Amino acid sequence: MNLKFRVLTMTFMSFALIFLLVSTMSTGWRMDTESRMNVYTTFGMWRICRDIIFGATVDHNCLSSLANAAPAWYQVVRAFMVIAVIFNLIAFLLGFKTLSLAPALKHRNEKPPATPMLIPALFMFLATLFSLLGLATFGIATAMNESLYFPEKLPPTWANSWAQVWAKLNSLPSDRPDLREIVSKYGYSFALGWLGFILALLSGVINIIAKS
């Protein structure tokens, strides 16, 4: 593997690891907005946060217990993403060790020796597979309207913020359920997960190209 492929491989491995790790640990996988109630919920693999805006004050609260008690498919996504990060880390460490042990070139025009990167490439493909499974599971489950909205289980910091929400809820006509519409969209964590998946895939492909 020549110097160009070495640099590309390690660069993609490192950025894939960073993106997958940040994606797994952050709270921006999905954002639910109920603007009429001024309730905003963000979902992460390990914490679920809820903001209630009343006046100039924001009641912000996050709980890890909600993520731990989330549906089974949510736990599956967490497991897939953690496994992907572990495989990516192993691949990066093995690749770094392999390249650091490669003999140095004595002359500028000397052809670099063959560097076996098959094992790191296999681990990167495993990271690619598990990240794809995790991201696809989350995307399919949320597209099927799997319930994730439970901000009432998040105790408010300010009592009057939650009182305001319930006052607004009680004032809504019972024959107008559309007034309590929740708008959901994917967040930056979900996007970073896909970026990590793409970079992990590219690093494996580069290894195959360099090998051939």
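The values are calculated or read from the model by the stated rules, or taken from the named source; none is laboratory data. Only a predicted model underlies this, so the values are computations on that prediction, with no experimental measurement involved. Cβ atoms come from the backbone with ideal geometry, glycine included; neighbour counts cover every protein chain shown.
Scanning region 60-85 for residues that are farther than 27 Å from residue 198 by Cβ and outside any helix (DSSP H, G or I) yields 60, 61, 62, 63, 69, 71.
Here is a yes/no grid of residues against (1) surrounded by 15 or more Cβ atoms within 10 Å (Cβ to Cβ); (2) at positive phi; (3) not hydrophobic (A, V, I, L, M, F, W, C):
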{"site": "32", "(1), (2), (3)": "yes, no, yes"}
{"site": "35", "(1), (2), (3)": "no, no, yes"}
{"site": "59", "(1), (2), (3)": "yes, no, yes"}
{"site": "66", "(1), (2), (3)": "yes, no, no"}
{"site": "76", "(1), (2), (3)": "yes, no, no"}
{"site": "83", "(1), (2), (3)": "yes, no, no"}
{"site": "87", "(1), (2), (3)": "yes, no, no"}
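Residue 31 passes every criterion in (1) in contact with a strand residue (DSSP E or B) (Cβ under 7 Å, 6 or more places away or on another chain); (2) modelled with pLDDT of 85 or more; (3) in a helix (DSSP H, G or I) apart from (3). Scan region 67-87 residue by residue and report those that are in contact with a strand residue (DSSP E or B) (Cβ under 9 Å, 6 or more places away or on another chain) and free of Cβ contacts under 8 Å to residues at least 60 places away in the same chain. Of everything in region 67-87, just one residue is in contact with a strand residue (DSSP E or B) (Cβ under 9 Å, 6 or more places away or on another chain) and free of Cβ contacts under 8 Å to residues at least 60 places away in the same chain, namely 67.
Residue by residue, here is whether (1) in a helix (DSSP H, G or I); (2) closer than 18 Å to residue 198 by Cβ; (3) acidic (Asp, Glu); (4) at pLDDT below 75 holds:
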{"position": "91", "(1), (2), (3), (4)": "yes, yes, no, no"}
{"position": "94", "(1), (2), (3), (4)": "yes, no, no, no"}
{"position": "103", "(1), (2), (3), (4)": "no, no, no, yes"}
{"position": "113", "(1), (2), (3), (4)": "no, no, no, yes"}
{"position": "116", "(1), (2), (3), (4)": "no, no, no, yes"}
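Which of the residues that make up region 7-64 are touching a Lys or Arg at 6+ places or on another chain (Cβ under 8 Å) and free of Cβ contacts under 8 Å to residues at least 24 places away in the same chain? Listed by number, the residues that qualify are 40, 64. For region 40-59, state whether one or more residues are basic (Lys, Arg) and either under 14 Å from the mean Cα position of the chain (by Cα) or part of a loop (DSSP other than H, G, I, E, B) (or both). Yes; the residues of region 40-59 include at least one that is basic (Lys, Arg) and either under 14 Å from the mean Cα position of the chain (by Cα) or part of a loop (DSSP other than H, G, I, E, B) (or both).
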